[in-house]
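Input: a single structure, listed below in structure tokens.
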Amino acid sequence: MKILICLDDEDCIERLCELLYQTQIDEDMMIDSYSDYINISRSPQKESYNVAFIGDTIGQRSGFELGRALHDVNPECLMIYIGDDYTHMHESFRAYGFQMFLKKSYQIY
């Protein structure tokens, strides 16, 4: 399983990686993590991601913009947005989100 994490919070990335590695799945997991907004169209891995965890905002940019770009090149990727609150919940589903997690609810902080 190939996983993308793009959040502007290093501690959150680290905790999310720990949680993912604690899960019991029957396939190898490879995680690419970024703390800055990435240009997904230039990523050589863009079509291989199975799951993406994307912050609702990454620096000054919208994580939903990144999610839409990823969906354009890889519509099979399951997108999970992560935010501080539910302010952007509706936007997450308009940006092809499967779910939205709160950092504190899932202890991803």
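Rg and Dmax of the chain over Cα atoms: what are they, in angstrom?
According to the Cα coordinates of the chain, Rg and Dmax are 12.7, 37 Å.
Can you pull the one-decimal nm distance between simple spin-label points at ASN50 and ASP72, each 7 Å off the Cα toward Cβ?
In this crude label model, ASN50 to ASP72 measures out at 2.7 nm.
For the range 57-109, state which GluC sites (Glu not before Pro) are in a DSSP loop and have at most 15 other beta carbons lying within 10 Å of their beta carbon. Could the numbers behind the result be given before it?
Working: sites: GLU65, GLU76, GLU91; in loops: GLU76.
Those satisfying the criteria are GLU76.
Placing +1 at every Lys and Arg Cβ and -1 at every Asp and Glu Cβ, with all other atoms neutral, what dipole size does the range 58-109 have around its Cα centre, in debye to the nearest 20? All intermediate terms of the calculation are to be shown ahead of the outcome.
Details: 5 positive and 6 negative charges, 23 e Å.
My answer is approximately 120 debye.
Out of every Cα-Cα pair in the range 1-65, what percent are more than 14 Å apart?
Details: 1187 of 2080 pairs.
Counting every Cα pair in the range 1-65, those more than 14 Å apart make up 57 percent.
Could you order VAL51, VAL73 so the one with the most accessible surface comes first? Probe is 1.4 Å.
VAL73, VAL51
For the modelled label position 7 Å from the Cα of GLU27 along Cα-to-Cβ, which residues of the range 33-47 have backbone nitrogen atoms closer than 16 Å?
Only 46-47 fall inside the zone, counting backbone N under 16 Å.
Explain nothing, just the number: dipole magnitude of the chain about its Cα centre with +1 on each Lys and Arg Cβ and -1 on each Asp and Glu Cβ, in debye rounded to the nearest 20.
280 debye
The values are calculated or read from the model by the stated rules, or taken from the named source; none is laboratory data. All values derive from a computational prediction rather than experimental measurement. Methodologically, a virtual Cβ is constructed for each residue, glycine included, from the backbone with ideal geometry; neighbour enumeration extends over all protein chains shown. Note: areas computed on protein heavy atoms with side chains; ligands, DNA, RNA excluded. Shrake-Rupley method; radii C 1.70, N 1.55, O 1.52, S 1.80 Å.
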